[in-house]
Amino acid sequence: MHDFDYIKARAEAEVVSLLSRDGDSIRILSGGTDLIVQLREGRRQASRLVDVKGVPGANELACDSTAGLQLGAAVACQRICRDATINQLYPGLIDAIALIGGTAIQGRASVGGNLCNASPAADSIPALIVHRAVCVIAGPNGRHEVPVENFCTAPGATVLQRGEFLVLVRVPPPPAHFGAAYLRFIPRNEMDIAVVGAGASVELDESGTTFLSARVALCAVAPTPLYVAEAGEYLAGKTVSAEAMAKAANIAQLAARPITDMRGTAAQRRHLAGVLTRRTLAQAVERARLVREPI
Ligand SMILES: Cc1cc2nc3c(=O)[nH]c(=O)nc-3n(C[C@H](O)[C@H](O)[C@H](O)COP(=O)(O)OP(=O)(O)OC[C@H]3O[C@@H](n4cnc5c(N)ncnc54)[C@H](O)[C@@H]3O)c2cc1C
(Lines give C-alpha, C1' and ligand atoms only; values in the text may rest on other atoms or scores of the structure.)
Protein backbone atom coordinates (compact mmCIF):
# COMPACT_ATOMS: atom_id res chain seq x y z
CA MET A 1 0.00 0.00 0.00
CA HIS A 2 1.43 3.39 -0.95
CA ASP A 3 1.11 6.46 1.31
CA PHE A 4 -1.78 8.87 0.94
CA ASP A 5 -3.04 11.95 2.78
CA TYR A 6 -6.35 11.61 4.60
CA ILE A 7 -8.73 14.59 4.72
CA LYS A 8 -11.90 14.54 6.80
CA ALA A 9 -14.31 16.93 5.03
CA ARG A 10 -17.09 18.69 6.93
CA ALA A 11 -18.97 20.48 4.15
CA GLU A 12 -20.15 19.87 0.60
CA ALA A 13 -18.39 23.01 -0.71
CA GLU A 14 -15.12 21.87 0.83
CA VAL A 15 -15.30 18.54 -1.03
CA VAL A 16 -16.12 20.26 -4.33
CA SER A 17 -13.22 22.66 -3.91
CA LEU A 18 -10.74 19.84 -3.11
CA LEU A 19 -11.94 17.73 -6.06
CA SER A 20 -11.84 20.71 -8.44
CA ARG A 21 -8.29 21.59 -7.45
CA ASP A 22 -6.70 18.12 -7.27
CA GLY A 23 -8.50 16.27 -10.11
CA ASP A 24 -7.34 12.69 -10.67
CA SER A 25 -4.94 12.52 -7.71
CA ILE A 26 -7.76 12.75 -5.15
CA ARG A 27 -10.57 10.25 -4.50
CA ILE A 28 -13.60 10.22 -2.27
CA LEU A 29 -13.47 7.75 0.61
CA SER A 30 -16.77 6.41 1.86
CA GLY A 31 -16.58 2.97 3.53
CA GLY A 32 -13.38 2.07 1.66
CA THR A 33 -14.45 -1.55 1.04
CA ASP A 34 -13.78 -1.14 -2.69
CA LEU A 35 -11.31 1.75 -2.68
CA ILE A 36 -8.80 0.52 -0.11
CA VAL A 37 -8.61 -2.88 -1.81
CA GLN A 38 -8.13 -1.22 -5.20
CA LEU A 39 -5.39 1.12 -3.91
CA ARG A 40 -3.57 -1.76 -2.26
CA GLU A 41 -3.71 -3.82 -5.45
CA GLY A 42 -2.61 -0.86 -7.61
CA ARG A 43 -5.89 -0.85 -9.55
CA ARG A 44 -6.54 2.80 -8.53
CA GLN A 45 -4.05 5.57 -7.78
CA ALA A 46 -4.62 8.47 -5.38
CA SER A 47 -2.32 10.60 -3.27
CA ARG A 48 -5.19 12.13 -1.23
CA LEU A 49 -8.43 10.61 0.06
CA VAL A 50 -11.28 12.84 1.16
CA ASP A 51 -13.59 11.18 3.67
CA VAL A 52 -17.19 12.38 3.16
CA LYS A 53 -18.77 10.61 6.13
CA GLY A 54 -18.70 13.91 8.07
CA VAL A 55 -20.47 15.87 5.31
CA PRO A 56 -24.07 16.46 6.50
CA GLY A 57 -26.02 15.53 3.29
CA ALA A 58 -23.83 12.49 2.63
CA ASN A 59 -24.58 11.12 6.08
CA GLU A 60 -28.30 11.84 6.09
CA LEU A 61 -30.90 9.08 6.29
CA ALA A 62 -34.53 10.17 6.27
CA CYS A 63 -37.55 8.15 5.26
CA ASP A 64 -41.31 8.62 5.34
CA SER A 65 -44.25 7.67 3.20
CA THR A 66 -44.89 11.17 1.83
CA ALA A 67 -41.36 12.52 1.24
CA GLY A 68 -39.79 9.17 0.30
CA LEU A 69 -36.22 8.22 1.09
CA GLN A 70 -33.15 10.50 1.27
CA LEU A 71 -30.22 8.16 1.34
CA GLY A 72 -26.90 9.89 2.09
CA ALA A 73 -24.20 8.51 -0.21
CA ALA A 74 -21.92 7.58 2.70
CA VAL A 75 -24.50 5.97 5.01
CA ALA A 76 -23.41 2.43 5.87
CA CYS A 77 -25.57 -0.45 4.61
CA GLN A 78 -26.05 -1.73 8.16
CA ARG A 79 -27.72 1.55 9.23
CA ILE A 80 -30.10 1.33 6.27
CA CYS A 81 -30.96 -2.32 6.89
CA ARG A 82 -31.75 -1.64 10.56
CA ASP A 83 -34.20 1.16 9.77
CA ALA A 84 -37.73 -0.14 10.40
CA THR A 85 -39.43 2.44 8.14
CA ILE A 86 -37.16 1.65 5.17
CA ASN A 87 -37.81 -2.06 5.71
CA GLN A 88 -41.53 -1.45 5.66
CA LEU A 89 -41.67 0.96 2.69
CA TYR A 90 -38.83 -0.36 0.53
CA PRO A 91 -38.36 -4.12 1.10
CA GLY A 92 -37.13 -4.43 -2.49
CA LEU A 93 -34.24 -2.07 -1.73
CA ILE A 94 -33.42 -3.93 1.47
CA ASP A 95 -33.30 -7.20 -0.55
CA ALA A 96 -30.32 -5.77 -2.44
CA ILE A 97 -28.54 -3.69 0.21
CA ALA A 98 -28.61 -6.55 2.74
CA LEU A 99 -26.73 -8.75 0.25
CA ILE A 100 -23.67 -6.49 0.01
CA GLY A 101 -20.80 -8.38 1.71
CA GLY A 102 -21.11 -9.84 5.21
CA THR A 103 -21.52 -8.27 8.66
CA ALA A 104 -18.13 -6.52 8.69
CA ILE A 105 -18.55 -5.12 5.18
CA GLN A 106 -22.12 -3.97 5.97
CA GLY A 107 -20.78 -1.80 8.80
CA ARG A 108 -18.61 0.20 6.37
CA ALA A 109 -19.95 -0.19 2.81
CA SER A 110 -22.30 2.49 1.49
CA VAL A 111 -24.80 2.63 -1.34
CA GLY A 112 -22.97 5.72 -2.65
CA GLY A 113 -19.76 3.69 -2.86
CA ASN A 114 -21.59 0.83 -4.57
CA LEU A 115 -22.90 3.27 -7.19
CA CYS A 116 -19.67 5.23 -7.70
CA ASN A 117 -17.53 2.11 -7.94
CA ALA A 118 -19.76 1.36 -10.95
CA SER A 119 -19.25 -2.38 -11.03
CA PRO A 120 -21.47 -4.08 -13.64
CA ALA A 121 -22.39 -6.51 -10.81
CA ALA A 122 -23.22 -3.92 -8.09
CA ASP A 123 -26.23 -5.26 -6.20
CA SER A 124 -27.85 -1.99 -5.13
CA ILE A 125 -28.05 -0.49 -8.63
CA PRO A 126 -30.84 -2.59 -10.25
CA ALA A 127 -32.92 -2.19 -7.07
CA LEU A 128 -32.43 1.60 -7.11
CA ILE A 129 -33.33 1.76 -10.81
CA VAL A 130 -36.63 -0.05 -10.36
CA HIS A 131 -37.50 2.36 -7.51
CA ARG A 132 -36.94 5.34 -9.87
CA ALA A 133 -34.11 6.57 -7.65
CA VAL A 134 -32.19 9.70 -8.58
CA CYS A 135 -28.56 10.63 -7.84
CA VAL A 136 -28.06 14.09 -6.32
CA ILE A 137 -24.64 15.34 -7.45
CA ALA A 138 -22.76 18.36 -6.08
CA GLY A 139 -20.22 20.21 -8.20
CA PRO A 140 -18.71 23.59 -9.00
CA ASN A 141 -22.05 24.76 -10.50
CA GLY A 142 -24.17 23.62 -7.56
CA ARG A 143 -26.33 20.49 -7.35
CA HIS A 144 -27.96 18.57 -10.18
CA GLU A 145 -29.78 15.25 -10.47
CA VAL A 146 -29.27 12.19 -12.67
CA PRO A 147 -31.56 9.11 -12.73
CA VAL A 148 -29.66 6.08 -11.41
CA GLU A 149 -30.09 4.26 -14.75
CA ASN A 150 -27.96 6.97 -16.42
CA PHE A 151 -25.28 7.22 -13.72
CA CYS A 152 -22.84 4.44 -14.73
CA THR A 153 -21.22 4.85 -18.15
CA ALA A 154 -18.75 1.91 -18.31
CA PRO A 155 -17.17 -0.57 -15.87
CA GLY A 156 -15.72 1.63 -13.08
CA ALA A 157 -16.86 4.89 -14.74
CA THR A 158 -19.75 7.26 -14.03
CA VAL A 159 -21.14 10.57 -15.25
CA LEU A 160 -19.29 12.41 -12.44
CA GLN A 161 -17.11 15.21 -13.83
CA ARG A 162 -14.07 16.89 -12.28
CA GLY A 163 -15.10 18.59 -9.04
CA GLU A 164 -18.29 16.54 -8.65
CA PHE A 165 -19.32 13.96 -6.08
CA LEU A 166 -22.47 12.05 -5.16
CA VAL A 167 -24.14 13.59 -2.11
CA LEU A 168 -27.23 11.45 -1.78
CA VAL A 169 -29.75 9.28 -3.54
CA ARG A 170 -33.39 10.30 -3.53
CA VAL A 171 -36.04 7.57 -3.81
CA PRO A 172 -39.64 8.69 -4.43
CA PRO A 173 -42.36 7.54 -2.02
CA PRO A 174 -43.86 4.22 -3.11
CA PRO A 175 -47.24 4.76 -4.81
CA ALA A 176 -50.30 2.76 -3.74
CA HIS A 177 -50.23 -0.93 -4.71
CA PHE A 178 -46.49 -0.82 -5.42
CA GLY A 179 -44.13 -3.73 -4.87
CA ALA A 180 -40.49 -4.38 -5.70
CA ALA A 181 -37.94 -7.15 -5.26
CA TYR A 182 -34.31 -7.99 -6.00
CA LEU A 183 -32.71 -11.42 -6.39
CA ARG A 184 -29.24 -12.51 -7.45
CA PHE A 185 -27.56 -15.79 -8.27
CA ILE A 186 -24.18 -16.57 -6.75
CA PRO A 187 -22.45 -19.95 -6.69
CA ARG A 188 -22.24 -19.99 -2.87
CA ASN A 189 -24.39 -18.59 -0.08
CA GLU A 190 -22.63 -15.32 0.70
CA MET A 191 -19.60 -13.05 0.18
CA ASP A 192 -19.54 -13.30 -3.57
CA ILE A 193 -20.65 -10.98 -6.34
CA ALA A 194 -23.62 -11.61 -8.58
CA VAL A 195 -23.37 -13.94 -11.56
CA VAL A 196 -26.62 -12.20 -12.47
CA GLY A 197 -28.89 -9.91 -10.43
CA ALA A 198 -32.42 -8.82 -11.28
CA GLY A 199 -34.66 -6.14 -9.82
CA ALA A 200 -38.32 -5.58 -10.63
CA SER A 201 -41.04 -3.22 -9.48
CA VAL A 202 -44.73 -3.10 -10.29
CA GLU A 203 -47.59 -0.72 -9.67
CA LEU A 204 -50.98 -2.47 -9.80
CA ASP A 205 -54.50 -1.13 -10.02
CA GLU A 206 -56.68 -1.10 -6.90
CA SER A 207 -57.98 -4.62 -7.53
CA GLY A 208 -54.40 -5.94 -7.84
CA THR A 209 -55.16 -7.58 -11.19
CA THR A 210 -53.72 -5.13 -13.76
CA PHE A 211 -50.23 -3.70 -14.17
CA LEU A 212 -50.34 0.09 -14.25
CA SER A 213 -46.58 0.22 -14.70
CA ALA A 214 -43.51 -1.97 -14.18
CA ARG A 215 -39.74 -1.65 -14.26
CA VAL A 216 -37.01 -4.26 -14.70
CA ALA A 217 -33.24 -3.87 -14.28
CA LEU A 218 -30.39 -6.38 -14.39
CA CYS A 219 -26.77 -6.50 -13.29
CA ALA A 220 -23.74 -8.54 -14.37
CA VAL A 221 -25.11 -9.00 -17.90
CA ALA A 222 -23.67 -5.88 -19.58
CA PRO A 223 -20.80 -3.37 -19.09
CA THR A 224 -23.11 -1.31 -16.83
CA PRO A 225 -26.21 -2.19 -14.81
CA LEU A 226 -29.00 -2.46 -17.36
CA TYR A 227 -32.43 -0.82 -17.24
CA VAL A 228 -34.74 -2.85 -19.50
CA ALA A 229 -37.46 -0.29 -20.21
CA GLU A 230 -39.12 -2.52 -22.86
CA ALA A 231 -39.94 -5.22 -20.29
CA GLY A 232 -41.90 -2.74 -18.16
CA GLU A 233 -43.54 -1.13 -21.18
CA TYR A 234 -44.76 -4.57 -22.28
CA LEU A 235 -46.45 -5.18 -18.91
CA ALA A 236 -48.14 -1.76 -18.55
CA GLY A 237 -51.90 -2.20 -19.01
CA LYS A 238 -51.74 -6.04 -19.08
CA THR A 239 -53.66 -8.33 -16.74
CA VAL A 240 -51.38 -9.82 -14.09
CA SER A 241 -50.60 -13.38 -15.18
CA ALA A 242 -47.72 -15.84 -15.18
CA GLU A 243 -47.71 -15.67 -18.99
CA ALA A 244 -47.32 -11.87 -19.08
CA MET A 245 -44.48 -12.02 -16.54
CA ALA A 246 -42.78 -14.82 -18.50
CA LYS A 247 -42.96 -12.71 -21.67
CA ALA A 248 -41.48 -9.67 -19.85
CA ALA A 249 -38.72 -11.93 -18.49
CA ASN A 250 -38.02 -13.09 -22.01
CA ILE A 251 -37.70 -9.46 -23.15
CA ALA A 252 -35.20 -8.84 -20.32
CA GLN A 253 -33.28 -11.97 -21.30
CA LEU A 254 -32.96 -10.73 -24.88
CA ALA A 255 -31.75 -7.30 -23.72
CA ALA A 256 -28.90 -8.89 -21.73
CA ARG A 257 -25.43 -8.74 -23.31
CA PRO A 258 -23.53 -11.11 -21.03
CA ILE A 259 -19.95 -12.32 -21.30
CA THR A 260 -18.32 -15.58 -20.26
CA ASP A 261 -15.90 -15.28 -17.33
CA MET A 262 -14.75 -17.22 -14.26
CA ARG A 263 -18.21 -16.84 -12.64
CA GLY A 264 -20.33 -18.20 -15.49
CA THR A 265 -20.89 -18.51 -19.19
CA ALA A 266 -22.82 -16.05 -21.33
CA ALA A 267 -25.48 -18.73 -21.96
CA GLN A 268 -25.92 -19.42 -18.25
CA ARG A 269 -26.19 -15.69 -17.52
CA ARG A 270 -28.79 -15.19 -20.23
CA HIS A 271 -30.82 -18.10 -18.82
CA LEU A 272 -30.52 -16.69 -15.28
CA ALA A 273 -31.60 -13.23 -16.41
CA GLY A 274 -34.92 -14.75 -17.52
CA VAL A 275 -35.42 -16.90 -14.43
CA LEU A 276 -34.57 -14.12 -11.96
CA THR A 277 -36.70 -11.52 -13.74
CA ARG A 278 -39.71 -13.84 -13.66
CA ARG A 279 -39.20 -14.53 -9.96
CA THR A 280 -38.65 -10.90 -8.94
CA LEU A 281 -41.74 -9.82 -10.89
CA ALA A 282 -43.80 -12.46 -9.09
CA GLN A 283 -42.44 -11.34 -5.71
CA ALA A 284 -43.04 -7.68 -6.56
CA VAL A 285 -46.68 -8.50 -7.40
CA GLU A 286 -47.06 -10.35 -4.10
CA ARG A 287 -45.71 -7.34 -2.22
CA ALA A 288 -47.89 -4.92 -4.19
CA ARG A 289 -50.97 -6.87 -3.12
CA LEU A 290 -50.14 -6.63 0.59
CA VAL A 291 -52.05 -3.99 2.51
CA ARG A 292 -49.43 -1.61 3.88
CA GLU A 293 -49.81 -0.40 7.48
CA PRO A 294 -49.94 3.42 7.67
CA ILE A 295 -46.64 5.00 8.82
C1 LIG B 1 -15.53 -8.98 1.08
C2 LIG B 1 -16.31 -8.07 0.18
C3 LIG B 1 -17.59 -8.46 -0.22
C4 LIG B 1 -18.33 -7.64 -1.07
N5 LIG B 1 -19.59 -8.06 -1.45
C6 LIG B 1 -20.30 -7.30 -2.31
C7 LIG B 1 -21.59 -7.72 -2.73
O8 LIG B 1 -22.10 -8.78 -2.33
N9 LIG B 1 -22.26 -6.93 -3.60
C10 LIG B 1 -21.76 -5.75 -4.07
O11 LIG B 1 -22.43 -5.07 -4.85
N12 LIG B 1 -20.54 -5.33 -3.68
C13 LIG B 1 -19.80 -6.07 -2.81
N14 LIG B 1 -18.56 -5.64 -2.41
C15 LIG B 1 -18.02 -4.38 -2.93
C16 LIG B 1 -18.21 -3.16 -1.96
O17 LIG B 1 -18.34 -3.56 -0.62
C18 LIG B 1 -19.45 -2.35 -2.35
O19 LIG B 1 -19.35 -1.91 -3.69
C20 LIG B 1 -19.68 -1.16 -1.41
O21 LIG B 1 -21.02 -0.74 -1.50
C22 LIG B 1 -18.74 0.01 -1.67
O23 LIG B 1 -19.07 1.04 -0.75
P24 LIG B 1 -17.93 1.83 0.06
O25 LIG B 1 -18.65 2.84 0.88
O26 LIG B 1 -17.03 0.90 0.79
O27 LIG B 1 -17.16 2.53 -1.15
P28 LIG B 1 -15.64 3.04 -1.23
O29 LIG B 1 -14.71 1.89 -1.32
O30 LIG B 1 -15.38 4.07 -0.19
O31 LIG B 1 -15.72 3.79 -2.65
C32 LIG B 1 -15.90 3.06 -3.85
C33 LIG B 1 -15.59 3.98 -5.04
O34 LIG B 1 -16.56 5.01 -5.15
C35 LIG B 1 -15.98 6.30 -4.98
N36 LIG B 1 -16.91 7.04 -4.13
C37 LIG B 1 -17.41 6.63 -2.93
N38 LIG B 1 -18.32 7.49 -2.49
C39 LIG B 1 -18.41 8.48 -3.41
C40 LIG B 1 -19.21 9.64 -3.51
N41 LIG B 1 -20.08 9.98 -2.56
N42 LIG B 1 -19.06 10.45 -4.60
C43 LIG B 1 -18.15 10.11 -5.57
N44 LIG B 1 -17.36 9.02 -5.52
C45 LIG B 1 -17.49 8.19 -4.46
C46 LIG B 1 -14.61 6.06 -4.34
O47 LIG B 1 -13.68 7.08 -4.66
C48 LIG B 1 -14.26 4.72 -4.93
O49 LIG B 1 -13.73 4.87 -6.23
C50 LIG B 1 -17.79 -6.42 -1.54
C51 LIG B 1 -16.50 -6.02 -1.13
C52 LIG B 1 -15.77 -6.83 -0.28
C53 LIG B 1 -14.41 -6.38 0.16
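The values are calculated or read from the model by the stated rules, or taken from the named source; none is laboratory data. What you see is a predicted model; the values in this text were computed from it and never measured. Don't worry about glycine lacking a Cβ; one is built from the backbone with ideal geometry, like all the others, and counts go over all protein chains shown. These accessible areas exclude ligands, DNA and RNA; they are computed on the full protein's heavy atoms, side chains included. Shrake-Rupley method; radii C 1.70, N 1.55, O 1.52, S 1.80 Å.
Please determine, by comparing only the residues of region 42-55 that are modelled with pLDDT under 95 and at negative phi, which one is least open to solvent (accessible area, probe 1.4 Å). Outline the logic, then answer.
Going through region 42-55, the residues modelled with pLDDT under 95 turn out to be 42-47.
Those left that are additionally at negative phi: 43-47.
On the way: 43: 151, 44: 54, 45: 119, 46: 6, 47: 58 Å².
Ranking the candidates gives 46 first.
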Just to be sure I understand the filter: pairs with C-beta atoms under 6 Å, separated by 6 or more residues or on different chains, first member in region 163-188 and over 19 Å from residue 290 (Cα atoms), second member among the acidic types (Asp, Glu) and open to solvent by 10 Å² or more (accessible area, probe 1.4 Å). Which pairs pass? 186/192
In region 175-199, residue most open to solvent (accessible area, probe 1.4 Å) [restricted to those that are in contact with a Gly (Cβ under 8 Å, 6 or more places away or on another chain) and more than 14 Å from the ligand (Cβ to nearest atom)]: 177
Among residues of region 228-249, those that are open to solvent by 30 Å² or more (accessible area, probe 1.4 Å), more than 14 Å from residue 285 (Cβ to Cβ) and free of Cβ contacts under 8 Å to residues at least 24 places away in the same chain, counted: 3
Subset tally (residues that are surrounded by 15 or more Cβ atoms within 10 Å (Cβ to Cβ) and without any contact (Cβ under 8 Å) to a residue 60 or more places away in the chain) for region 25-41: 6
Name the one entry in 193, 251 that is under 22 Å from residue 148 (Cβ atoms) and touching a helix residue (DSSP H, G or I) at 6+ places or on another chain (Cβ under 6 Å). 251
Is at least one residue of region 78-94 closer than 21 Å to residue 34 by Cα and small (Gly, Ala, Ser)? no
Within region 95-106, take every residue that is more than 16 Å from residue 201 (Cβ to Cβ) and outside any loop (DSSP other than H, G, I, E, B) and give me the one that is least open to solvent (accessible area, probe 1.4 Å). 106
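Suppose the filter is closer than 20 Å to residue 124 by Cα and either in contact (Cβ under 8 Å) with a residue 24 or more places away in the chain or within 12 Å of the ligand (Cβ to nearest atom) (or both); does residue 96 pass it?
In short, yes.
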When the residues of region 66-76 are narrowed to those that are within 12 Å of the ligand (Cβ to nearest atom) and touching a residue at least 40 places away in the same chain (Cβ under 8 Å), which ends up nearest to residue 29 (Cα to Cα)? 74
